[in-house]
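The values are calculated or read from the model by the stated rules, or taken from the named source; none is laboratory data. If you're wondering where the values come from, they're calculated on a predicted model, not measured in any experiment. Here the Cβ is made from the backbone with ideal geometry for all residues, glycine too, and neighbour counts use every protein chain on show.
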Amino acid sequence: MRVALFLTCVNDTLYPDTGKAVVKLLTRLGVDVDFPMAQTCCGQAHYNTGYRHEAEPLARHFAEVFGEYDAIVTPSGSCGAMVRELYPRMGERARAEGRGGALADVLAPVVPKTYELTEFLVDVLGVTDVGAYYPHKVTYHPTCHGLRGLGLGERPRRLLAAVKGLELVELPGAEECCGFGGTFALKNADVSAAMGADKVRNAESTGAEVLCAADNSCLMHIGGTMARLRTGMRPVHLAEILASTEEEPAV
Amino acid sequence: MSGTFVGMPAFPKAAHEAVGNATLRGNLRHATHTIRAKRARAVAEVPDWAELREAGKRIKDHTLRHLDRYLVQLEESVTAAGGTVHWAADADEANRIVADLVKATGEREVVKVKSMATQEIGLNEALEAEGIRAYETDLAELIVQLGKDRPSHILVPAIHRNRGEIRDIFARKMGAWGRPAPEGLTDTPAELAEAARLHLREKFLRAKVGISGANFMVAETGTLVVVESEGNGRMCLTLPETLISVVGIEKVVPTWRDLEVFLQTLPRSSTAERMNPYTSTWTGTTSEDGPREFHLVLLDNGRTDTLADEVGRQALRCIRCSACLNVCPVYERAGGHAYGSVYPGPIGAILSPQLRGTQSEIDASLPYASSLCGACYEVCPVAIDIPEVLVHLRERVAQGGEVTRDGNKVVLKPAKGHAAERAAMRAARWAFARPGALRAGQRLASRTRRLHPRSLPGPGRAWSEAREMPPVPAEPFRDWWQRTRGGTEEGK
């Protein structure tokens with residue numbers, strides 16, 4: 001099976017440790033993972049801000065770069081949802097606009113092959129205990145596009161529950177949005193910040209050291225809010241926890 | 001729509017005040033979280049909820065597809081049952097029809113059942129201008145009317161008020177509108193409800209004209225349905241001699257049997273009731289009882305234009321349950337008034353810019369009043385994909401394009417204030433289409449990382465005012481990958 005890491009532009013640029021963690025984790029599980037160097041951005045920010053036509057060439061580029069692989073794995077619920085949910089919709093919209101089925105045909109092959117990391121682990125590899133060790137108290141925030149878009153369900157929690165040394169505590173109001181929302185964080189900064197502060201207060205109330213999620217864009221917002229409010233809590237991507245072992249602990 | 005909202009500031013500005021108002025946020029948080037939890041329990045009890053949701057969606061889609069036919073059938077049925085049907089293309093026409101009908105009775109006051117359509121057209125203000133006083137009889141609408149306030153929720157219009165505020169409004173204002181509040185009124189719910197009951201009772205018994213909306217209209221029988229939970233609606237619909245109902249054209253359903261679906265999904269979604277307390281149905285007039293005259297004013301007011309839009313038309317499925325408001329994290333913080341419309345919350349953010357167009361500042365900002373978290377879609381009992389429509393409307397605002405206004409196809413220009421964003425999106429697309437350009441940008445960011453300021457200039461300030469920036473790493477992932485082939489050749 002040829003497996004490609006679709007890291008996302010945000011992770012590539014700002015969170016290389018998450019990418020390294022995915023590579024380490026998948027390699028440990030016997031997966032030969034490749035990082036196609038031509039990958040850039042899935043077009044989610046363009047699409048969700050109302051620039052669908054600007055997102056189209058990026059989606060085509062994605063399909064070209066990843067088309068030859070058997071599986072495409074991404075450590076981002078929202079970018080995964082972009083490919084799985086919104087690429088088909090982009091194709092349909094182009095058809096409805098009288099531009100024929102060309103875009104839909106180009107995008108169709110990558111849609112079913114794209115997996116969010118926890119889906120790939122649980123559904124494709126069939127593992128929940130990935131042999132990780134992480135001796136910390138952790139609370140888990142299910143991000144919206146993973147939860148409601150992809151329907152990740154209990155997969156992340158099952159993976160976390162199998163991590164040795166990890167104490168998982170429930171986050172009150174877990175399913176409420178953290179307030180990031182891409183350009184929403186800038187366009188409606190007051191509401192976004194209020195949502196972020198509420199999320200952080202809920203996280204603090206658990207007494208956990210670490211807030212874990214499977215999407216770094218949400219963690220950038222939550223972590224940025226934690227730092228500003230000086231909570232002492234840390235945001236950590238799920239992949240970094242799952243990659244951590246007794247021999248090679250995550251920092 | 002109502003003139004009350006003309007000149008509203010854009011959503012972020014209107015929300016700014018609400019976010020800073022601790023009392024308001026407390027009221028909203030308490031109310032929305034309570035009703036949210038109750039709804040979830042009421043829905044979880046129904047084993048075939050998913051099927052009911054799908055059925056509701058399909059009935060509405062089918063009806064909307066054949067709206068021309070069902071509306072004509074409805075007109076025939078209502079007429080055959082002794083009612084009179086009027087067609088109103090917009091708010092002004094509807095208001096004129098209602099005012100003329102009231103004046104023809106010689107009456108100067110009317111009692112009203114809670115109705116979104118009459119609020120949408122600003123009927124109370126239009127009647128006031130004609131010297132006719134409209135009394136709201138729904139408890140929360142009464143609070144809003146007495147307090148010279150605006151509704152902030154579709155179902156619970158005074159949700160932004162707490163008990164203490166309501167007591168003060170009753171004590172100060174009831175006297176000017178009719179029977180004053182009892183001496184020594186406290187803020188206990190039973191006392192407040194009793195004060196409203198006494199105040200309203202004299203209005204029910206005196207009124208000769210009632211005005212309502214309707215939740216559903218049945219085409220095959222000409223029956224109208226009002227779903228309410230206080231009994232004030234039943235009073236207004238049965239006691240007056242003349243009944244005038246103003247109803248949006250999308251409220252028609254083909255058959256009586258279709259109500260079976262919505263009378264299960266609406267109460268559970270809105271008030272978390274298993275069965276609705278007061279469901280009134282009436283078909284034309286009867287000689288023995290109830291109103292002698294019945295008028296139905298069918299309201300378009302932007303609905304046909306909305307129907308012409310393939311993506312946006314799903315908003316017309318809405319049955320006004322408010323579940324999307326109660327679950328929305330943005331509504332919870334911004335409050336209903338920030339939406340500048342009688343339709344607040346997620347559904348308002350897709351309905352108002354379609355019914356009114358996206359030209360005004362508030363309407364152009366509403367599609368962005370969402371983090372696209374999807375909670376609204378999840379709870380919607382007719383499966384309106386609100387995030388999909390929001391993104392569709394963002395495209396209309398940012399890029400312009402073809403829309404239908406007053407039945408004509410027009411091409412909209414992009415809204416003002418999006419030029420810089422448009423340029424940035426285009427530049428980002430250009431860079432992302434070239435991995436080399438992306439890499440050059442990443443390397444530049446990494447090399448200069450010690451020079452980055454903690455607070456950002458320009459639009460970035462919106463980020464750094466409330467949040468720290470993430471540190472830029474020493475090298476992007478792709479450089480590490482190329483250097484080490486994924487860690488297999490470390491140090492190379």
Exactly one of A:A132, A:A189, A:A162 is closer than 30 Å to B:G335 by Cβ and either in the same structural domain as A:A81 (by TED's automatic domain parsing) or hydrophobic (A, V, I, L, M, F, W, C) (or both), and that one is A:A189
Only residues that are more than 8 Å from every other protein chain (Cβ to nearest Cβ), of a type in the set (A, V, I, L, M) and either buried (at least 16 other Cβ atoms within 10 Å of the Cβ) or not in a helix (DSSP H, G or I) (or both): list them for the range B:432-470, please.
B:L456
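Test B:R426 against the criterion of being more than 30 Å from the chain's Cα centre (by Cα), part of a helix (DSSP H, G or I), at the interface with chain A (Cβ under 7 Å from one of its Cβ atoms) and free of Cβ contacts under 8 Å to residues at least 40 places away in the same chain, and give yes or no.
Here the answer is yes, as B:R426 does meet what is asked.
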When residues of the range A:72-121 are filtered for being assigned to a loop (DSSP other than H, G, I, E, B) and surrounded by 24 or more Cβ atoms within 10 Å (Cβ to Cβ), how many remain?
2
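With the structure loaded, tell me whether A:M220 is within 11 Å of chain B (Cβ to nearest Cβ), under 24 Å from A:L14 (Cα atoms) and in contact (Cβ under 8 Å) with a residue 12 or more places away in the chain or whether it fails that test.
Values: within 11 Å of chain B (Cβ to nearest Cβ): yes; under 24 Å from A:L14 (Cα atoms): yes; in contact (Cβ under 8 Å) with a residue 12 or more places away in the chain: yes.
Spelling it out, A:M220 is indeed within 11 Å of chain B (Cβ to nearest Cβ), under 24 Å from A:L14 (Cα atoms) and in contact (Cβ under 8 Å) with a residue 12 or more places away in the chain.
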Subset of the range A:47-74 [within 11 Å of chain B (Cβ to nearest Cβ) and touching a Leu at 6+ places or on another chain (Cβ under 7 Å)]
A:Y47, A:N48, A:E56, A:A59
Options B:I35, B:I59; residue that is in contact (Cβ under 8 Å) with a residue 40 or more places away in the chain and either in contact with a strand residue (DSSP E or B) (Cβ under 7 Å, 6 or more places away or on another chain) or under 30 Å from B:F294 (Cα atoms) (or both):
B:I59
Of everything in the range A:19-57, what is assigned to a helix (DSSP H, G or I) and of a type in the set (A, V, I, L, M)? Give them in sequence order.
A:A21, A:V22, A:V23, A:L25, A:L26, A:A45, A:A55
So in the range A:143-160, with the set limited to residues that are farther than 15 Å from B:S371 by Cα and touching a residue at least 24 places away in the same chain (Cβ under 8 Å), which one is nearest to the other protein chains (Cβ to nearest Cβ)?
A:L150
Consider B:G175 carefully, then state whether it is part of a helix (DSSP H, G or I), over 18 Å from B:V156 (Cα atoms) and free of Cβ contacts under 8 Å to residues at least 40 places away in the same chain.
yes
Residue check, A:L171 of a type in the set (A, V, I, L, M, F, W, C), closer than 29 Å to B:A15 by Cα, surrounded by fewer than 24 Cβ atoms within 10 Å (Cβ to Cβ) and more than 10 Å from chain B (Cβ to nearest Cβ):
yes
Within the range B:360-386, count every residue that is without any contact (Cβ under 8 Å) to a residue 60 or more places away in the chain, surrounded by 24 or more Cβ atoms within 10 Å (Cβ to Cβ), within 13 Å of chain A (Cβ to nearest Cβ) and in a helix (DSSP H, G or I).
3
Over the range B:308-363, the set of residues under 20 Å from B:E17 (Cβ atoms), among the polar types (S, T, N, Q) and under 12 Å from the mean Cα position of the chain (by Cα) is B:S341, B:S352
Please go through the range A:14-26 and pick out each residue that is within 17 Å of B:T484 (Cα to Cα) and at the interface with another protein chain (Cβ under 7 Å from one of its Cβ atoms).
A:P16, A:G19, A:K20, A:V23, A:K24
Only one of B:T265, B:T304 is part of a helix (DSSP H, G or I), among the polar types (S, T, N, Q), touching a Pro at 6+ places or on another chain (Cβ under 8 Å) and under 19 Å from B:L64 (Cβ atoms), namely B:T265
